[in-house]
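I have placed the structure first, in the form of structure tokens, so that the comments after it can refer back to it.
Throughout, read-outs are computed from the coordinates displayed, never taken from laboratory work. What you see is a predicted model, and the numbers here were worked out from it, not measured in a lab. FYI the Cβ positions are ideal-geometry reconstructions off the backbone, even for glycines, and counts take in every protein chain you see.
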Amino acid sequence: MKIRPITTTVLAASLLLALAACKGPEAEQAKQDAQQAADSAGAAARDAVDKAAAATRDAADKTAAASEQAAADTQQALDKAADATANAADKAKDAATDAAAHASDTTANAAQKVADKARDVANEAKANAAKEEAKH
């Protein structure tokens, strides 16, 4: 982090200036004040680093939770799509079966009509043949 080196440099320079300007008991007081300021700056820097680390961990946790939720939502959507596809396939199969059954019924009805017509024609031909034979 850039905050710590800059803060330390500024505090060290302030300490040197304060020590150079003061002599005797005033120098001792200035030294103590400078030390206290350096300690406060160090504590503030550590606090800032701790807060940044906590914010980073919090952001990482939120990102992980969002990723897990997105994965769950995606899986749910895939499951729904698979179910819809299976249902559509079942309906298509049922429709094809119904169509085949109707086609078979229609074919059987047509065959029955042809057979009935053939029987009618045969009966008519037989009747005509009997009439012709009766005439002779």
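Mind giving me the nanometre distance, one decimal, between the label points for GLN32 and ASP79, set 7 Å out from Cα along Cα→Cβ?
Spacing of the two 7 Å Cα→Cβ label points: 7.0 nm.
Please give the Cα centre distance for region 26-105 versus region 107-124, rounded to the nearest Å.
Each part's Cα centre sits 74 Å from the other's.
Reachable lysines from LYS113, Cα under 21 Å, same-chain residues fewer than 8 places away excluded?
Answer for LYS113, where 21 Å is the Cα cut-off: LYS126, listed by chain and number.
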